[in-house]
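Participant: I'd like to ask some things about the structure below.
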Number of protein chains: 2
Amino acid sequence: MQYQIITVGSELTLGLSINTNAPFISKRLGQEGFTCSRHISVPDDIRSIARSITESLGQGDGVIVTGGLGPTVDDVTREAICESAGCQLEYQPWLARVIEERYGKRSVPLPQITYRQAYLPTGAKAIIPTIGSAPGIILERDDKFIISLPGVPREMGSMLEYDIVPWLRSKFQRDEAYKVRVLRTTAKSEASLQEAVGDIVDSLHNISVGILAFPGEIQLQLLAKGPDERIVDQIIKEAELQFLDRLGNIIFGFDEQTIEEVVGRLLRKNELTLSLAESCTGGLTAKKITDIQGSSDYFFGGVISYNNDAKRSLLNVSNQTLLRHGAVSAATALAMAFGVREKFGSDIGLGITGIAGPTGGTPDKPIGLVYIGLSHQTTSYSNRYVFFGSRDIVRLKSSHAALDMLRYYILDNFEQVGGDVS
Amino acid sequence: MQYQIITVGSELTLGLSINTNAPFISKRLGQEGFTCSRHISVPDDIRSIARSITESLGQGDGVIVTGGLGPTVDDVTREAICESAGCQLEYQPWLARVIEERYGKRSVPLPQITYRQAYLPTGAKAIIPTIGSAPGIILERDDKFIISLPGVPREMGSMLEYDIVPWLRSKFQRDEAYKVRVLRTTAKSEASLQEAVGDIVDSLHNISVGILAFPGEIQLQLLAKGPDERIVDQIIKEAELQFLDRLGNIIFGFDEQTIEEVVGRLLRKNELTLSLAESCTGGLTAKKITDIQGSSDYFFGGVISYNNDAKRSLLNVSNQTLLRHGAVSAATALAMAFGVREKFGSDIGLGITGIAGPTGGTPDKPIGLVYIGLSHQTTSYSNRYVFFGSRDIVRLKSSHAALDMLRYYILDNFEQVGGDVS
C-alpha cells in the first residue's frame, strides 16, 4: 500500500508555520509497513486541495489530508473532497448531536458555524473525535481511500492512532515489512563516511542506505524491506554489525538517541558526576544535558563565564593564564574545567571556550576556534577545534564536540573495548 | 508569478526529518511578492522527482527544487531535471575546477564522487556556491524555470538570497504587492487574544489576520495585499497602530524579533548588565540570551545550580531558606537572583527555580510550578507561575517568562510610558 499526505493551510505555503503533521504520520504509518510516497502542502483553497487529492489518488492507493476541518469559513477540506470525488455534502443530524454534546461538556455556548462540521460527503464515514470537536472523514471510492483528519497535532495524532491505524490494518495486507534504523555518528563529513563504508553499502541487499549531515553529526539511515518482520530485523541486524565493526565508537547512538542521552547513560552507569564551565556556548551544553529527565542524578550544574571577571572569580582561572594565553586557549579551557570541578565538587569538569562569531576573530584566533578542556582527578587534557558555520552552528558543534569528548573519555577509561555504547 | 517548491529527500517522506527549507523559501520570496502555491516532498528517486517537477510546471511559472545535489549516489536531482525537461547531463570541466578549488581551500583530499557535481543539464546555468561545494542550477524551458538548490539550509539560504532573489527580480514583474507582518505577544491564549482584538480584526479591509499559538507566545499574523508596496505598507501600518493601541506592552516584538533580542536591546539602551541563576531551565535562558551577537556587552554570565549544594556554595542561598521554603519557592528564587548579582557584580540578577517534570511533583508543588526572582539594587520581587505541558515546554515557557519579567521591569522603570518597545 502506497499513500500520500496532503497538509492544508495557507500559513504553510506562506512559510509562517512548520509542517510537523506530515512527518509524524509518515513515521507512524511507516512502522506499520505503509509507505508514504509524497508530502504536499496547499493553501486553504478548494481547487488547490481538490487538484492535489486527485493527483495523489492517481499515484497510489489513497491519500491522508490533514487540516481544514474546523468550523470557520476558511476550513474547506470537506468541500474539496466532494469536488475531487464528485459527490455532495450532506447534513448529518446525528453528527450535529455528537458535536453539541462535545461542546456541552465544556459548557460553552455553541456558535452557529460549528454546524459546518456536521456535514459529510455522500457515502463517507465520520470519525468521532475524542479530543477537540472536528470529526474526521473516511471516504472509499473505486478501491482508493480519502482520509481527512484535523490539523491540530494533538487531535490528528489521537485519531491516527485510535482510528486510522486500526482501519488501515484491517483493510490492507502488509505485502512487505519495513524497518528504518538510524546510526548516528561523529564522522567528519558525508564524504568521509561514504569513503569509510561505501564498499559495505554497495554489498548490501534489500537495504538502502542514506548518508545525511546535521550540525555536529552525520547519520547513516538504513531502510530495509522484506517479506516479514523477522527477516527485516535480521537484515538490519546484519548490516548494523558490519557498520559497527567498521566504525566502532564513531557511532555514538541509534535512532532517536541524542549524544546527551548517551553521555548521561554512561555517566550514570559509571557513577560519575559532571559540572560544566561554558564560555562561547553560553549555556547550550548545560541545556542539552538537562533536557534529559533525571539528569540531576549526575549533573551538578555549571558556570557560564561570559566575561573574564567571571572566569577569575567563579572559576579561579588565574590572571596570568588569561594574560599569557588569552581567554580562548588550551590553558584557559583546562583551568575552567579544573575550576568548575573544584567549585561543584563533581568527578569530572568540562571547560568550553571559543569564538562563536560573527565578530571577534583575529588572524591568530579565527572565528570558529574552540578549545575544550576535561579535568578528572589527576587527568586533564584539552582538544582544539576549528568549526565552520554561523554563530548558531559553531555553538552547536562546540557543544556536540564537548559531549563527544566526554563520551570518548568514559569509553576509553571506564568501558571495556568494544563495550555496549547503546 | 506563481511557483511551487519541491524538497527532495527520502528522510522527509519517511518522517525522519522536518522540512524547514520550503517554509524558509516561501517566506523569503513572499516578501518579494512571489506566491508559492504548493510544497511537495519526494524521496530520492528520479521518477518521483521528475513527475513532481512536471506536475508543478503545469500549474505555474516555475519550480524550485532543494536537495539531491550532493556528490553521493542517492543525490539524483540532476538526473530528474533531465528526465522532466528531456535533456542530458554534460560534464563541465570548468565547474570541476571550481569544485576542486573550493575543496582545496580546506585542504582535504578530493573524493572521486565529488565530480558528479560537475555535471549540468544541457542549456542550464550553474550557480557557484559561496558556502559548501554543491553548485545550484537554473534551467529555462518554454517560459518556465526549474531552479535547483542544495538541501543544506545554510547553502540553500545563501544561494537563494544572493543568486535566486536577484534573478527572479530581473525576470518577473510583481503583479501585486504583498506584505506579512507578525506581531508577537505574551497573551495568555489564542482565545483571549481573539477576544481582545476580534472587533479590530472584523473591521479591517484588504488584510487577513491569523492568530497562532507557540510555546510561551501568541502571534498575530497580518497579511496585506494591494496594487503597490506603498499602499500595502500603509494598510499594515494602520492596522498595526490599532493593535498596538489596544494591546500595548503585551506585544513584545515584530516579525523575526525574539524576546531575547528585545530584552538585549533594552539592557543595552539603558546601560544595564545582567547575570542569571538557573535551576529547572538548566542553561536554556542563558543560551537564548547568548544567541544574540554582542550579548557579552550586557550579559556577564550565569550559574546553573542544578542541586542544593550549588545553590548554597555558588549563590549563597542560605540553608535556612532552602529548609524552610524549599528549593522551589519564592524565597529561593529571590535568594538566587540576589546571589548571582553579587557574584557577577551585574546590575540585575534573575533567579529561576521550578519543577520541569515529568517527575518530581507533589500535591503542594505540582509539575510546572516555577518561581522567578528579580534583584536590582534595593528592588527585589518574584513571580509564581504554573505551566502546563511536557518537560521541554515547561522549560521553554519558564525561560520566556523570565525574559518577559525582565522586559516589563525595564519598561516600567527605565522607559517612558508608551515608549518604543521595538
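Participant: Looking at A:25, A:49, can you tell me which residue is hydrophobic (A, V, I, L, M, F, W, C), within 30 Å of the chain's Cα centre (by Cα) and under 19 Å from residue A:2 (Cα atoms)?
Facilitator: A:25
Participant: Let me ask something else about it. Taking residue B:356 as the residue in question, decide whether it is in contact with a strand residue (DSSP E or B) (Cβ under 6 Å, 6 or more places away or on another chain) and touching a residue at least 40 places away in the same chain (Cβ under 8 Å).
Facilitator: Here the answer is no, as residue B:356 does not meet what is asked.
Participant: Could I ask something else about it? Among the numbered criteria (1) closer than 30 Å to residue A:154 by Cα; (2) part of a strand (DSSP E or B), which single criterion is violated by residue B:375?
Facilitator: For residue B:375, the exception is condition (1).
Participant: Where in region A:246-332 are there strands (runs of 3 or more DSSP E), lying wholly inside it, with at least 3 residues that are crowded, with 24+ Cβ neighbours inside 10 Å and within 10 Å of chain B (Cβ to nearest Cβ)?
Facilitator: Counting at least 3 such residues, we get A:274-278, A:299-305.
Participant: Those residues that are more than 10 Å from chain A (Cβ to nearest Cβ) and of a type in the set (Phe, Trp, Tyr), I need them from region B:22-58; list them, please.
Facilitator: B:34 - this is the single residue of region B:22-58 that is more than 10 Å from chain A (Cβ to nearest Cβ) and of a type in the set (Phe, Trp, Tyr).
Participant: Hey, another quick one. From the set of residues in region B:204-239 that are under 14 Å from residue B:177 (Cβ atoms) and polar (S, T, N, Q), which is modelled with the highest pLDDT?
Facilitator: Ranking the candidates gives B:234 first.
Participant: Here's a follow-up. Which residues, counting only those in region B:344-384, are basic (Lys, Arg) and at pLDDT 95 or above?
Facilitator: B:384
Participant: Do the conditions hold for residue A:394, that is, is it touching a residue at least 12 places away in the same chain (Cβ under 8 Å) and either more than 14 Å from chain B (Cβ to nearest Cβ) or surrounded by fewer than 24 Cβ atoms within 10 Å (Cβ to Cβ) (or both)?
Facilitator: no
Participant: Going through B:49, B:64 one at a time, which residue ends up being crowded, with 23+ Cβ neighbours inside 10 Å, in contact with a Leu (Cβ under 8 Å, 6 or more places away or on another chain) and modelled with pLDDT of 95 or more?
Facilitator: Just a single option satisfies the conditions, and that option is B:64.
Participant: Right, here's the next one. Among the candidates B:355, B:367, B:348, B:372, single out the residue that is within 29 Å of the chain's Cα centre (by Cα), of a type outside the set (Phe, Trp, Tyr), over 20 Å from residue B:289 (Cα atoms) and buried (at least 22 other Cβ atoms within 10 Å of the Cβ).
Facilitator: Step by step, each of B:355, B:367, B:348, B:372 is checked, and only B:355 is within 29 Å of the chain's Cα centre (by Cα), of a type outside the set (Phe, Trp, Tyr), over 20 Å from residue B:289 (Cα atoms) and buried (at least 22 other Cβ atoms within 10 Å of the Cβ).
Participant: Oh, and also: Looking at (1) of a type outside the set (Asp, Glu); (2) over 30 Å from residue B:23 (Cβ atoms); (3) under 36 Å from the mean Cα position of the chain (by Cα), can you tell me which one residue A:98 breaks?
Facilitator: Result: residue A:98 passes all but (3).
Participant: Are there any pairs with C-beta distances below 7 angstrom linking a residue in region B:322-349 that is without any contact (Cβ under 8 Å) to a residue 12 or more places away in the chain and at negative phi to a residue that is crowded, with 24+ Cβ neighbours inside 10 Å and among the hydroxyl-bearing types (Ser, Thr, Tyr), with the two at least 6 apart or on different chains, and if so which?
Facilitator: Filtered contacts from region B:322-349: B:325/B:332.
Participant: I'd like to know if region A:273-292 contains one or more residues that are assigned by TED's automatic domain parsing to the domain that holds residue A:343, without any contact (Cβ under 8 Å) to a residue 24 or more places away in the chain and among the polar types (S, T, N, Q).
Facilitator: yes
Participant: Additional query: Suppose we keep only residues that are buried (at least 19 other Cβ atoms within 10 Å of the Cβ) and more than 7 Å from chain A (Cβ to nearest Cβ) within region B:2-16. Which one would you say is farthest from residue B:150 (Cα to Cα)?
Facilitator: The residue in question is B:3.
Participant: In addition: Is it fair to say residue A:197 is over 24 Å from the mean Cα position of the chain (by Cα) and aliphatic (A, V, I, L, M)?
Facilitator: For residue A:197, the condition - over 24 Å from the mean Cα position of the chain (by Cα) and aliphatic (A, V, I, L, M) - is met.
Participant: Turning to a different aspect of this structure: So, in region B:85-96, exactly how many residues are of a type in the set (Gly, Ala, Ser) and either in contact (Cβ under 8 Å) with a residue 12 or more places away in the chain or not assigned by TED's automatic domain parsing to the domain that holds residue B:123 (or both)?
Facilitator: Count: 2.
Participant: Could you tell me which of the residues A:54, A:35 is under 23 Å from residue B:35 (Cβ atoms) and assigned by TED's automatic domain parsing to the domain that holds residue A:142?
Facilitator: Residue meeting the stated conditions: A:54.
Participant: Go through region B:117-164 and report how many residues are within 14 Å of chain A (Cβ to nearest Cβ) and touching a helix residue (DSSP H, G or I) at 6+ places or on another chain (Cβ under 8 Å).
Facilitator: Number satisfying all stated conditions: 15.
Participant: Further, regarding this structure: Grab the helices (runs of 4 or more DSSP H) fully contained in region A:149-217, keeping just those with 3 or more residues being not assigned by TED's automatic domain parsing to the domain that holds residue A:235.
Facilitator: A:153-159, A:165-171
Participant: Got at least one residue in region A:98-116 being in contact with a Lys or Arg (Cβ under 9 Å, 6 or more places away or on another chain) and free of Cβ contacts under 8 Å to residues at least 60 places away in the same chain?
Facilitator: Yes, region A:98-116 contains a residue that is in contact with a Lys or Arg (Cβ under 9 Å, 6 or more places away or on another chain) and free of Cβ contacts under 8 Å to residues at least 60 places away in the same chain.
Participant: For region B:207-228: of the residues being within 12 Å of chain A (Cβ to nearest Cβ) and either closer than 15 Å to residue B:244 by Cβ or touching a residue at least 60 places away in the same chain (Cβ under 8 Å) (or both), which is farthest from the chain's Cα centre (by Cα)?
Facilitator: Among residues in region B:207-228 that are within 12 Å of chain A (Cβ to nearest Cβ) and either closer than 15 Å to residue B:244 by Cβ or touching a residue at least 60 places away in the same chain (Cβ under 8 Å) (or both), the one farthest from the chain's Cα centre (by Cα) is B:209.
Participant: Quick check: is even one residue across region A:74-84 touching a residue at least 40 places away in the same chain (Cβ under 8 Å) and among the acidic types (Asp, Glu)?
Facilitator: yes
The values are calculated or read from the model by the stated rules, or taken from the named source; none is laboratory data. Keep in mind that this is a model prediction, so the values were computed, not measured. Backbone-built Cβ (ideal geometry, glycine too); neighbour counts: all protein chains shown.
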